[in-house]
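The values are calculated or read from the model by the stated rules, or taken from the named source; none is laboratory data. From a predicted model like this one, the values you see are computed outputs, not experimental measurements. Note that each Cβ is placed from the backbone with ideal geometry, even for glycine, and that neighbours are counted across all protein chains shown.
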Amino acid sequence: MINIQYERYFLDNGLEVILAPDTQNPIVAINLLYKTGSANEGSRKSGLAHLFEHMMFQGSLNVPKGKHFHYIQESGGSLNANTTFDRTVYFDKLPSTHLEMGLWLESDRMGFFLPALVEETLANQIDVVKNERLENYDNAPYGLGFEKILSLVFPEHHPYRRPVIGYMKDILSIDLTDVREFFTAFYTPANCTLVIHGDFETTEAKDLVAKYFSSILGSPKPEPPASVNEFFLTETVKDVYVDRVHLPKLFLPGLQLKHSPVRTLNLHL
């Protein structure tokens, strides 16, 4: 069993901070978990949460486009992000001597993303996500399998019914207003958990967190999406989907719901 010692506290603007010192190696990891994913899109266009993950790497007020990658990688670090139904995570792994730089980069896009938002950048990332969908879903063998499963398992308007990447028609129609509203609603300190793990002094880390994040304006924590437990799958659901593939594929995912037995869905492509 792994026993990780950590300290948890909150800034006045609502940002949750978790510090877990570990001096075994001279590296530090910075993880920002925003409690928003595709389930939070509600009546908004599908794919907005995932597209926004891409947009967060396209520059902020004090960090020009491409420089977030440049600064992290030039220091010998690595970075990435991912989006699911319920959360979006951004993470940086750095030499411990560059902790301050990593916190500055993350705070700048949390607090000052909107001033750098322009139509050209949005159009570029819409094209990137469009190609990602074409490559991994629409034009991939069995690529639409999981999407078909979601539409069969979850009822209309359920927060898990739509695929995280979104539907193509929605992706292509996202505009600057959609992006601004999504950022304002969900990318707030009160909706984020900042985790720092690795080789650092706790007092210094607290000072740096306060220096770069405490001045970011707080706002009320957004309402969670509709409950994911509002329905129960009471029968086995089957469907056959015909696609242009040489061999059939059988999906047998188990679906576990609270207060409900495991149900099986069969999808045959």
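In the condition set (1) at pLDDT below 85; (2) assigned to a loop (DSSP other than H, G, I, E, B), I216 is compliant with all but (1).
Can you tell me which of K206, K221 is among the basic types (K, R), assigned to a helix (DSSP H, G or I) and under 27 Å from the mean Cα position of the chain (by Cα)? The unique qualifying residue is K206. The strands (runs of 3 or more DSSP E) found wholly in segment 23-129 and carrying at least 2 residues that are exposed (fewer than 15 other Cβ atoms within 10 Å of the Cβ) occupy 78-83. Check whether at least one residue in segment 57-71 is over 21 Å from P159 (Cβ atoms) and in contact with a His (Cβ under 7 Å, 6 or more places away or on another chain), and report yes or no. Yes - at least one qualifying residue is present in segment 57-71.
Could you tell me whether L103 is under 16 Å from T193 (Cα atoms) and not hydroxyl-bearing (S, T, Y)?
Judged against the criteria, L103 is a match.
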